[in-house]
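**Q** Pasting a structure below so you can have a look.
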Amino acid sequence: MRSSQVMSQHHLCQSGVVEERATSFSFRVIKDGRIWPAFIVRFDGKAVGYLNVCAHAALQLEGRQSRLFSRDRQSLVCASHGAVYKPDTGLCISGPCKGLSLIPLNITERDDGLYFSDQEYEYYD
């Protein structure tokens, strides 16, 4: 994105849709003509967003389970290969991609809403 361009913010959902260490909100983004799945979770009160792509293999984290958090709700877990990620940073702390990270997306929260704006990715309807 050129520095002279202003990033637009896209309203994704109401804040309450993404519950602490429980529910997630899925959406899609696009970069260079390629569409990517993405998600938002809430951890320690903060809404964070990532591309929904495991750092080990280009698979969505939740697989068929449609669950991102571990049973103890302390981590995000890839259902396919067991990679374990810190929800607040996206860093893989265990599994085949230990030391790698999920790709973060810029999520802001204001006026009881969650918004997406990013320099690398655009919201995809």
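**Q** Is it the case that the range 33-44 has a residue that's in contact with a Lys or Arg (Cβ under 6 Å, 6 or more places away or on another chain) and of a type in the set (Val, Ile, Thr)?
**A** yes
**Q** Would you check which residues across the range 48-75 are of a type in the set (A, V, I, L, M) and open to solvent by 10 Å² or more (accessible area, probe 1.4 Å) and list them? I'd like the intermediate steps shown before the answer.
**A** Let us first name the residues in the range 48-75 that are of a type in the set (A, V, I, L, M), namely 48, 51, 53, 55, 57-59, 61, 68.
Scanning the range 48-75 gives 48, 53, 55, 57, 58, 59, 68.
**Q** Could you say whether any residue in the range 71-85 is touching a residue at least 40 places away in the same chain (Cβ under 8 Å), touching a strand residue (DSSP E or B) at 6+ places or on another chain (Cβ under 7 Å) and assigned to a loop (DSSP other than H, G, I, E, B)?
**A** no
**Q** Please determine whether any residue of the range 73-81 is touching a Pro at 6+ places or on another chain (Cβ under 7 Å) and of a type in the set (S, T, N, Q).
**A** Within the range 73-81, one or more residues are touching a Pro at 6+ places or on another chain (Cβ under 7 Å) and of a type in the set (S, T, N, Q).
**Q** Tell me whether the range 31-40 contains one or more residues that are free of Cβ contacts under 8 Å to residues at least 60 places away in the same chain and either aromatic (Phe, Trp, Tyr) or buried (at least 18 other Cβ atoms within 10 Å of the Cβ) (or both).
**A** Yes, some residue in the range 31-40 is free of Cβ contacts under 8 Å to residues at least 60 places away in the same chain and either aromatic (Phe, Trp, Tyr) or buried (at least 18 other Cβ atoms within 10 Å of the Cβ) (or both).
**Q** Can you pull out the residues in the range 78-95 that are over 13 Å from residue 24 (Cα atoms) and not small (Gly, Ala, Ser)? First the steps, then the outcome.
**A** Within the range 78-95, the subset over 13 Å from residue 24 (Cα atoms) is 78-86, 88-95.
The answer is 78, 81, 84, 85, 86, 88, 89, 91, 92, 93.
**Q** Still on this structure, I have one more. Select from the range 88-106 the residues that are touching an Asp or Glu at 6+ places or on another chain (Cβ under 8 Å) and assigned to a loop (DSSP other than H, G, I, E, B) and write down the one among them that is least open to solvent (accessible area, probe 1.4 Å). Give the derivation first.
**A** If we filter the range 88-106 for residues that are touching an Asp or Glu at 6+ places or on another chain (Cβ under 8 Å), which is where we start, we get 88, 105-106.
Now restrict to residues that are assigned to a loop (DSSP other than H, G, I, E, B): 88, 106.
Details: 88: 79, 106: 63 Å².
For the range 88-106, the residue satisfying everything is 106.
**Q** Also, quick follow-up: With the requirement that a residue be part of a loop (DSSP other than H, G, I, E, B), touching a residue at least 40 places away in the same chain (Cβ under 8 Å) and closer than 20 Å to residue 29 by Cα, what does the range 42-55 give you?
**A** In the first step, residues of the range 42-55 are kept if they are part of a loop (DSSP other than H, G, I, E, B); the result is 44-45, 52-55.
Narrowing the set further to residues that are touching a residue at least 40 places away in the same chain (Cβ under 8 Å) leaves 44, 53-55.
Hits for the range 42-55 are 53, 54, 55.
The values are calculated or read from the model by the stated rules, or taken from the named source; none is laboratory data. Please read all numbers here as calculations on a predicted model, not as lab measurements. Every residue, glycine as well, gets a Cβ built from its backbone with ideal geometry; the counts of neighbours run over all protein chains shown. The protein model used for the area step is the full one, side chains on, heavy atoms only, and it has no ligands, DNA or RNA in it. Shrake-Rupley method; radii C 1.70, N 1.55, O 1.52, S 1.80 Å.
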